[in-house]
Amino acid sequence: MKRNLCFNIIRKIAIAFVCCLPLSSFAQTNPWELIRHQPATNAFHITENGNMLIADFLFEKNGGIYISIDKGLQWKKTGAADYNYNIFLEGNDYIFAGGDGTHIARSADDGVNWEILSYASAVEDVLGENTEYAVCYAMTFHNDKLFVGDFSGGGIVYSEDNGETWNKTDIASITFTVEGKEMVENFYNLVSFNGELYAYGVYFVFKYLPETNSWEVVRNDSNFMAVSAIYQDKLCTGRSVMNDGTHIPFIVTFDENGEWGELPRPENTVDNNIRSMYATDEYLFIGMQMTGLYYTDNAGEDWYDLNDGIPYYTGTYFTPMKFQSDDEYIYLAAYEPPFATTQ
């Protein structure tokens, strides 16, 4: 992205106002412009060609996928089947959307038209009749394979043909015992970093061992490391769960030498519930449900808030979900359920 342009204006998808000021003025005033009030915005993506995609999380599972081809001025619902889609991923000339019930939507024309695929065949022997309740939050490419992490105990599966067929990875290596009962880890995040594939679950962080198609535990304190970004050559992860306290690492880092560390937190902040994270070459953006939006340009030594102009960023139902950018704007998609009374 072009740094001299993208920070002139910030946009937000759900509850937003516009900032016409250079980056040096962000700490003083940060108005945002609303470009779409989409009920329960859940996932957001800007394609390489500039189309915008939104998926929402509705309990009736009838939200589908919406598209804008004019930078958010106009939107229309696509023909993608109605599921709750949680994540978009672009690669291998396709755009993928991971949804409920093992459904993966795939588009070959920049999000205009969609077909529905499924990884059910790779998890039904584990999930059985619960296959229809499977949920995909984690999806990434690694060594030209499409990996999906299931949040409902289906394990981690992969496709070598862009979702047409699926293979399972070893289940035993991601199975553990809780109160005498065996369970398969629930996955929120998959990241390909420095030639390795890492899977972040509710409890553990795993590294993929391709020679045995299995997983190795590298941390046992994940506690919902659900969001991540590669910033200044480090893999940064945040915990998307209520967990206040300065004794908890704010942002966990992992570098190319295999060393773990952490970034400092904003001053006077005890909130560790980071729900969105995004990085450019110079800047790291984070969004927290109760504390709001911040960015840093020096690896957390200084944090600057981006909350000015957002009317209820500390509301219980306001959840920043996804930062994205194009050549002109920074965008933020935020979740607000249909029953919310905060507007």
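The values are calculated or read from the model by the stated rules, or taken from the named source; none is laboratory data. Remember, it's a predicted structure, so these values are computed and weren't measured experimentally. Every residue, glycine as well, gets a Cβ built from its backbone with ideal geometry; the counts of neighbours run over all protein chains shown. For the accessible areas, the whole protein counts, side chains as well, though only heavy atoms, and no ligand, DNA or RNA atoms are used. Shrake-Rupley method; radii C 1.70, N 1.55, O 1.52, S 1.80 Å.
Which FRET efficiency value, to the nearest 0.05, is calculated for E132 and E262 with the Förster distance at 41 angstrom and r the Cβ-Cβ distance? Don't skip to the answer; put the middle values down first.
Details: r = 39 Å, r/R0 = 0.96.
The pair E132/E262 has a calculated efficiency of 0.55.
Below 13 angstrom from the Cβ of L235, what's the summed charge of the other residues (Lys, Arg +1; Asp, Glu -1)?
Net charge in that neighbourhood comes out at -3.
Heads up, I need the accessible area for V202: 1.4 angstrom probe, whole protein in place, Å², nearest 10.
20 Å²
Among S152, S121, what's the order by accessible area (1.4 angstrom probe), most exposed first? Mind showing how you got there, number by number?
Values: S152 45, S121 75 Å².
So, going from the largest accessible area down, we get S121, S152.
Kindly provide the helix-only [θ] at 222 nm of the chain, computed as the sum of -39,500 (n - 2.57) over DSSP H runs of four or more divided by all residues, to the nearest 500 deg cm²/dmol?
So the calculated ellipticity at 222 nm is -500 deg cm²/dmol.
Just to confirm the filter: which GluC sites (Glu not before Pro) across segment 256-303 are DSSP coil and have at most 12 other Cβ within 10 angstrom of their Cβ?
E256, E259, E267, E301
Can you list which of the chymotrypsin sites (Phe, Trp or Tyr not before Pro) found in segment 236-282 are DSSP loop residues with at most 11 other C-beta atoms within 10 Å? Walk me through the numbers before you get to the answer.
Details: sites: F250, F254, W260, Y278; in loops: F250.
For chymotrypsin sites (Phe, Trp or Tyr not before Pro) across segment 236-282 that sit outside H, G, I, E and B with at most 11 neighbouring Cβ atoms in 10 Å, the list is empty.
How about segment 119-179: which GluC sites (Glu not before Pro) there lie in a loop by DSSP and see at most 14 other Cβ atoms within 10 Å?
Qualifying residues, ordered by number: E160, E164, E179.
Quick one: grab the alpha carbon gyration tensor of segment 216-286, order the square roots of its eigenvalues as a ≥ b ≥ c, and give me rounded if a/c is under 1.5, else prolate or oblate depending on whether a/b is larger than b/c. Kindly include the intermediate steps, with their values, before the conclusion.
Details: a/c = 1.62, a/b = 1.12, b/c = 1.45.
Oblate, because a/c is 1.5 or more while a/b does not exceed b/c.
State whether segment 235-336 is rounded, prolate or oblate according to the following rule on the C-alpha gyration tensor (a ≥ b ≥ c being the square roots of its eigenvalues): a/c under 1.5 gives rounded; otherwise a/b larger than b/c gives prolate, and the remaining case gives oblate. Intermediate results must be reported in sequence, preceding the final value.
Working: a/c = 1.73, a/b = 1.20, b/c = 1.44.
Cα axes put segment 235-336 in the oblate bin.
Provide the net charge surrounding Y158, with neighbours chosen by a C-beta distance below 9 Å and charges set as Lys +1, Arg +1, Asp -1, Glu -1. Kindly include the intermediate steps, with their values, before the conclusion.
Working: positive: K145, K168; negative: E160.
Charge balance near Y158 sits at +1.
Give the long-range amide H neighbours of E33: residues separated by 5 or more places, or on another chain, with amide H under 5 Å away, using H modelled in the peptide plane at 1.01 Å from N.
Correct list: K12, F17, V18, C19.
Tell me which residues come under 5 Å, amide H to amide H, from I251 once H is placed; ignore anything under 5 positions away on its chain.
L263
Can you give the local net charge around Y66? Use residues other than it whose beta-carbon is closer than 10 angstrom to its beta-carbon, Lys and Arg +1, Asp and Glu -1. It would help to have the intermediate numbers written out before the result.
Working: positive: R36, K76, K77; negative: D56.
Residues near Y66 contribute +2 overall.
Once amide H atoms are built 1.01 Å from N in the peptide plane, which residues 5 or more positions from I87, or in another chain, come under 5 Å H to H?
For I87, the qualifying residues are G98.
Scan (1) 25.4; (2) 16.9; (3) 18.5 for the value of mean projected area of the Cα convex hull in nm² calculated from this model and give just the label.
Evaluating mean projected area of the Cα convex hull in nm² on these atoms matches (2).
When the label point is put 7 Å from the Cα of A299 along its Cα-to-beta-carbon vector, which residues of segment 245-265 have a backbone N closer than 15 Å?
Hits in segment 245-265 for A299 at 15 Å: 251-265.
What dipole magnitude, in Debye to the nearest 20, does segment 154-227 give about its Cα centre under +1 on Lys/Arg Cβ and -1 on Asp/Glu Cβ?
On the way: 4 positive and 11 negative charges, 44 e Å.
Approximately 220 debye in magnitude.
With a ≥ b ≥ c the root eigenvalues of the C-alpha gyration tensor of segment 128-219, is it rounded (a/c under 1.5), prolate (a/b larger than b/c) or oblate? Mind dumping the intermediate values first?
Numbers: a/c = 1.76, a/b = 1.20, b/c = 1.46.
It is oblate, given that a/c is not under 1.5 and a/b is not larger than b/c.
So, in nm, how far is label E115 from label E48 when the simple model puts each one 7 Å beyond its Cα toward the Cβ?
2.0 nm
Testing the spin-label approximation: label points 7 Å from Cα along Cα→Cβ at A108 and T212. State their distance in nm.
Distance between the two pseudo-spin positions: 3.9 nm.
Rank-order 287-294, 91-98, 44-51 by packing density, defined as the average count of other C-beta atoms within 10 Å over each peptide's residues, highest first. Before the final figure, lay out each step's value.
Numbers: 287-294: 22.0, 91-98: 19.8, 44-51: 17.0.
Peptide ranking by packing, descending: 287-294, 91-98, 44-51.
Over 25 Å, how big is the tail of the calculated P(r) for segment 20-169, in percent of all Cα pairs?
Numbers: 3721 of 11175 pairs.
For segment 20-169, the fraction of Cα-Cα distances above 25 Å is 33 percent.
Taking the C-alpha atoms of segment 152-273, how large are the radius of gyration and the largest Cα-Cα span, Dmax, in Å?
Just the Cα atoms of segment 152-273 yield Rg and Dmax of 15.5, 50 Å.
Label V270 and T246 with points 7 Å out from Cα along Cα→Cβ: what is the distance between them in nm?
1.0 nm
Pop out the ³J(HN,Hα) list for segment 276-290 in order, Karplus 6.51 cos²θ - 1.76 cosθ + 1.60 with θ = phi - 60°, rounded to Hz; leave Gly and Pro as x.
8, 8, 8, 9, 10, 4, 10, 10, 10, 10, 9, x, 10, 5, 9
Of the options I174, F151, Y278, report the single residue whose Cα projects farthest towards the positive end of the charge dipole of the chain (beta-carbon charges: Lys, Arg +1; Asp, Glu -1).
The Cα lying farthest towards the positive end belongs to Y278.
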